[in-house]
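Q: One structure coming up, written as structure tokens, with questions to follow.
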Amino acid sequence: MTILADALSIVAERIRRASRLTILTGAGVSAASGVPTFRGAHGLWRQFRAEDLATPAAFARDPRLVWEWYAWRREQIAACQPNPAHDVIARWSGSDKVAVVTQNVDDLHVRAGTRGLVRLHGSIWELLCADRCASGAARWRDDRVPPPELPPRCPHCGGLARPGVVWFGEPLGAHDVEAAVQATACDVFLTVGTSAVVYPAAGLMHQAKASGAFTAEINQEPTPASAIVDVAIQGGAEHILPALDDRLGQPRVPTPKPYPS
Ligand code: BV8
Ligand code: ZN
């Protein structure tokens, strides 16, 4: 048995036996759909890093520039479809024993039909009033590509609208954080396609491990989490998750009983 086959069998066995499975995803799960990752080859937009543009300060400084970046990303994402990794996760989420937490704002998990999804960093398809006017504080959906005007305006107060995402330096939604932390109380914690450097999301695996969960990582490259998880599987999520799913679909291979001595 190859190392990969071994690792897949071990993780599949753990998932099969689990009464609670939690999956955390990052940009890598959408890479096969064509969505640029943050730190991958196409991670830079013009010469900017995400951390330069996805901040309240950048928006205050130049809302048009920040919106041009979000409009570009929306255009990219609008042309993408969920891939087999999204489909397997969506199907697994049909079981009450599965919790799915994502850092992705592309909503491809939503389009794949994922149930009970916790979107830690919001959605690029939702907007809210940048001035947080009373009626504009509640986010609204707007998936027009391109937005009719740039920057878009709050329909309530006419002020600037902003993307419904969590920017660096901004707190995550308390409800989302609570749901994500609750999900770390699980038997198996699977981290898929994330570079594990952005917090508090990157802390969830550690919390799950501390609460006794079996932890596994699926990533094309090693990350800071690779040396900490119980099993690190290197490969594309769009291949590894279907392979895991296949193994889960197969009847359990009875472990040969030792011959009576
Ligand atoms: C906050 C929305 C406090 C916006 C995003 C502790 C230590 C150090 C720093 C901090 C800390 N705590 C807080 C911080 C600061 C900061 C942070 O973590 N900075 C990092 C850069 C060091 N965190 C924050 O600012 C957070 N807020 O702390 O607030 C606070 C509290 C109270 C009051 C006031 C303030 C907010 C963090 C959220 C920021 N928003 N997104 C937008 O998208 O525009 S983060 C954004 O970047 C994504 O959502 C995601 O989280 C992150 C990117 O990471 P990944 O998704 O992992 O993507 P990446 O490209 O990095 O990696 C892709 C991986 O996939 C790679 O490993 C690659 O190998 C792999 N891959 C590629 N292809 C495949 C694959 N794997 C499998 N299959 C494939 N096919
Ligand atoms: Zn408003």
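The values are calculated or read from the model by the stated rules, or taken from the named source; none is laboratory data. A quick note: this is a predicted structure, and the numbers were derived from the prediction, not measured. Every residue, glycine as well, gets a Cβ built from its backbone with ideal geometry; the counts of neighbours run over all protein chains shown. Remember, those area values only see protein heavy atoms, side chains included, never the ligands or the DNA or RNA. Shrake-Rupley method; radii C 1.70, N 1.55, O 1.52, S 1.80 Å.
Q: Residue 38 fails exactly one of the following numbered conditions: (1) open to solvent by 10 Å² or more (accessible area, probe 1.4 Å); (2) touching a residue at least 60 places away in the same chain (Cβ under 8 Å); (3) aromatic (Phe, Trp, Tyr); (4) in a helix (DSSP H, G or I). What is the number of that condition?
A: (4)
Q: Could you count how many residues in the range 126-162 are open to solvent by less than 70 Å² (accessible area, probe 1.4 Å) and either among the small types (Gly, Ala, Ser) or out of contact with any Gly (no Cβ under 7 Å at 6 or more places or on another chain) (or both)?
A: Counting residues in the range 126-162 that are open to solvent by less than 70 Å² (accessible area, probe 1.4 Å) and either among the small types (Gly, Ala, Ser) or out of contact with any Gly (no Cβ under 7 Å at 6 or more places or on another chain) (or both) gives 17.
Q: Considering only the range 201-229, state which residues are touching a residue at least 60 places away in the same chain (Cβ under 8 Å) and either open to solvent by 30 Å² or more (accessible area, probe 1.4 Å) or closer than 21 Å to residue 182 by Cα (or both).
A: If the condition is that a residue be touching a residue at least 60 places away in the same chain (Cβ under 8 Å) and either open to solvent by 30 Å² or more (accessible area, probe 1.4 Å) or closer than 21 Å to residue 182 by Cα (or both), then 201, 204, 205, 208, 213, 214, 216, 220 are the ones that fit.
Q: For a quick check of your reading of the model, give me the residue pairs whose first member lies in the range 171-184 and is touching a residue at least 12 places away in the same chain (Cβ under 8 Å), whose second is open to solvent by less than 50 Å² (accessible area, probe 1.4 Å) and assigned to a helix (DSSP H, G or I), with beta-carbon atoms closer than 7 Å and at least 6 apart or on different chains.
A: What qualifies is 180/204; 184/204; 184/208.
Q: Something else: Would you say residue 6 is open to solvent by 10 Å² or more (accessible area, probe 1.4 Å), acidic (Asp, Glu) and either at pLDDT 95 or above or within 13 Å of ligand 1 (Cβ to nearest atom) (or both)?
A: Taking the combined requirement at face value, the residue does not satisfy it.
Q: If you don't mind, there's one more thing I want to ask. Farther than 30 Å from residue 218 by Cβ, acidic (Asp, Glu) and surrounded by fewer than 18 Cβ atoms within 10 Å (Cβ to Cβ): does that describe residue 176?
A: no
A quick yes/no check of all residues on (1) in contact with a Ser or Thr (Cβ under 8 Å, 6 or more places away or on another chain); (2) of a type in the set (Phe, Trp, Tyr); (3) away from ligand 2 (no atom under 16 Å from the Cβ):
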{"position": "117", "(1), (2), (3)": "yes, no, yes"}
{"position": "123", "(1), (2), (3)": "no, no, yes"}
{"position": "133", "(1), (2), (3)": "no, no, no"}
{"position": "140", "(1), (2), (3)": "no, yes, no"}
{"position": "143", "(1), (2), (3)": "no, no, yes"}
{"position": "146", "(1), (2), (3)": "no, no, yes"}
{"position": "151", "(1), (2), (3)": "no, no, no"}
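Q: Also, quick follow-up: Strands (runs of 3 or more DSSP E) wholly in the range 136-225 with at least 2 residues that are under 14 Å from the mean Cα position of the chain (by Cα) and at pLDDT 95 or above - which ones?
A: 188-192, 214-219
Q: Additional query: Among the residues of the range 9-35 satisfying the criterion of being touching a strand residue (DSSP E or B) at 6+ places or on another chain (Cβ under 6 Å) and outside any helix (DSSP H, G or I), which is surrounded by the fewest Cβ atoms within 10 Å (Cβ to Cβ)?
A: Selected residue: 18.
Q: Checking the conditions here, which among 194, 114 is closer than 30 Å to residue 242 by Cα and touching a residue at least 40 places away in the same chain (Cβ under 8 Å)?
A: 194 is the lone residue from the list that is closer than 30 Å to residue 242 by Cα and touching a residue at least 40 places away in the same chain (Cβ under 8 Å).
Q: Is there a residue in the range 166-180 that is more than 30 Å from residue 212 (Cα to Cα) and in contact with a Phe, Trp or Tyr (Cβ under 7 Å, 6 or more places away or on another chain)?
A: no
Q: Return the total of residues in the range 130-187 being under 27 Å from residue 96 (Cα atoms), among the small types (Gly, Ala, Ser) and more than 15 Å from ligand 1 (Cβ to nearest atom).
A: 3
Q: Could you grab me the full set of residues in the range 69-103 that are under 28 Å from residue 54 (Cα atoms) and either within 16 Å of ligand 2 (Cβ to nearest atom) or of a type in the set (Ser, Thr, Tyr) (or both)?
A: Once the filter is applied, which keeps residues that are under 28 Å from residue 54 (Cα atoms) and either within 16 Å of ligand 2 (Cβ to nearest atom) or of a type in the set (Ser, Thr, Tyr) (or both), the range 69-103 yields 70, 102.
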